[in-house]
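Taking it in order: structure first as structure tokens, then the write-up.
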């Protein structure tokens, strides 16, 4: 039986898998439910196996080959040691390495080239690679990090809406729309915010981009402040040597025109997605593909 | 048996009571444990009764008189309707009204005069009174409000320390001291912050005042930003007519020299504490003291 490679892109909403030949050529893809190894490792293990099986079936291969396969998994929260060890020991593969979801995204976006990715979604994180050296900047989560993220932008909009209610900051169409949603009762807004998860704050972020584009002064101020935090992080990425930056994540396209002129020439489009990146890393680690050192 | 008045200042760390004659003259004081009617109403009821009994004993009065007494309670979270109704029905007094801790603080600080209090502690809130009209500005809690509070200042210091770690913002003595406390490992800081309550963030606030006073550039920037949020709220208080402002709360004395020149002439010292304010309100509502309308 030939030994195949598997790439896994495990996320909080779904888990995707690809099976590839030993040179990294993708033969089939599959998908299953959420794979959050931190909050629910048993379900994550089940869905990783389900996605791999679906990929083997998509390729017309016998799923028995899964037990002989070698895999790279990209997962959120990969740096939480205990969860990684627990999951790694229980995976149905012959060998596996667990990497960050950011690293497989970088590999997919840049291929083997040096450069950085700025992942701008519900959270934010910056990952730069030079040769075999990978550096992470930012991240750290919603509570004390993830500046410029959708969650932080949405949170800032709710804050501004309360400040507008109190007459401390100016009111505008965007703050009025938020207050109206909460029956113009700040207590309802506070009740929502007290229990809201980052993703729930993040759902207000597209409205800030939209209203800023139409000239709303409060949305403009919030968006410029958020874009400044991204530009400041990109300055560090550039100072450390990256000359190519790929913007990824749900807010990437919305953000691009708001980022500083000095960064615009550095932006490139992603070559491929994170799942392709996972397979490419698997081909180098476990397959027949030589490691490329720039 | 003469009917007495009771004032209660119920807080998250302790509950204080005073018993007074019907003209508001305080006869005795007592203290008991925390009285948070929102998070633990049964314990709060117990400690309110304990504090009242201690006050009667301090005055040399028979505690049986508590059942005949009329009380004003100032409590945090008074505007959460269900908890107030639950506690109010179970109080051991002949009659009682529950008010905000801020209102009794204002009554204590300003007596019957018009004006405002700015309560600058773990949280922040502004309360202005003109005649019998009382307005609240700000507050709203740590998640989306309480700008300039100890909790927000401490939170901002932790954030800045991570930004300094990543090289995104400048490092200084104050950020280095924070990182050192967390073994120079940002993950330890993030673990702390993820579970920290407002009071735990707030414990970092005095350090910001201290370091700013010694010229630390990061502490100065954080403190100036915090003071701006207080000045902006005070501008609203002034615009709505207050010409006398009393700064209260654990950060009041630290803040005063950092607030804008335009507000300095308005600041006055508190006449008395919140417990005295509760008794004064009780004397107007239930006693022989006439209501003063400015």
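Hey, among the residues in the range A:64-82 that are assigned to a helix (DSSP H, G or I) and within 14 Å of chain B (Cβ to nearest Cβ), which one's nearest to the chain's Cα centre (by Cα)? Filtering first and then ranking leaves A:81.
How many residues, within the range A:132-151, are more than 13 Å from residue A:222 (Cα to Cα) and within 11 Å of chain B (Cβ to nearest Cβ)? Of the residues in the range A:132-151, 12 are more than 13 Å from residue A:222 (Cα to Cα) and within 11 Å of chain B (Cβ to nearest Cβ).
Within the range B:141-162, restricting attention to residues that are free of Cβ contacts under 8 Å to residues at least 40 places away in the same chain and crowded, with 24+ Cβ neighbours inside 10 Å, the residue that is farthest from residue B:231 (Cα to Cα) is B:162.
Do we have residue B:24 as outside any helix (DSSP H, G or I) and under 16 Å from the mean Cα position of the chain (by Cα) here? Considered against the rule, which asks whether it is outside any helix (DSSP H, G or I) and under 16 Å from the mean Cα position of the chain (by Cα), residue B:24 comes out as no.
Only one entry in B:154, B:199 is under 30 Å from residue B:273 (Cβ atoms), away from every other protein chain (no Cβ under 14 Å) and in a helix (DSSP H, G or I), namely B:199. Identify the single condition in (1) modelled with pLDDT of 95 or more; (2) buried (at least 22 other Cβ atoms within 10 Å of the Cβ); (3) part of a loop (DSSP other than H, G, I, E, B) that residue A:61 does not satisfy, given that it satisfies every other one. If we test residue A:61 against (1) modelled with pLDDT of 95 or more; (2) buried (at least 22 other Cβ atoms within 10 Å of the Cβ); (3) part of a loop (DSSP other than H, G, I, E, B), just (2) comes out false. Scanning the range A:87-108 for residues that are assigned to a helix (DSSP H, G or I), under 19 Å from residue A:46 (Cα atoms) and under 19 Å from the mean Cα position of the chain (by Cα) yields a total of 1. Of the residues making up the range B:28-58, those that are assigned to a helix (DSSP H, G or I) and surrounded by fewer than 19 Cβ atoms within 10 Å (Cβ to Cβ) are B:41, B:42, B:43, B:45, B:46, B:50, B:53, B:57, B:58. Among the residues making up the range B:245-267, those that are more than 21 Å from residue B:220 (Cα to Cα) and without any contact (Cβ under 8 Å) to a residue 40 or more places away in the chain are B:265, B:266, B:267.
The values are calculated or read from the model by the stated rules, or taken from the named source; none is laboratory data. Predicted model only: the values in this text are computed from it and were never measured. Note that we place each Cβ from the backbone using ideal geometry, even for glycine, and neighbour counts take in every protein chain shown.
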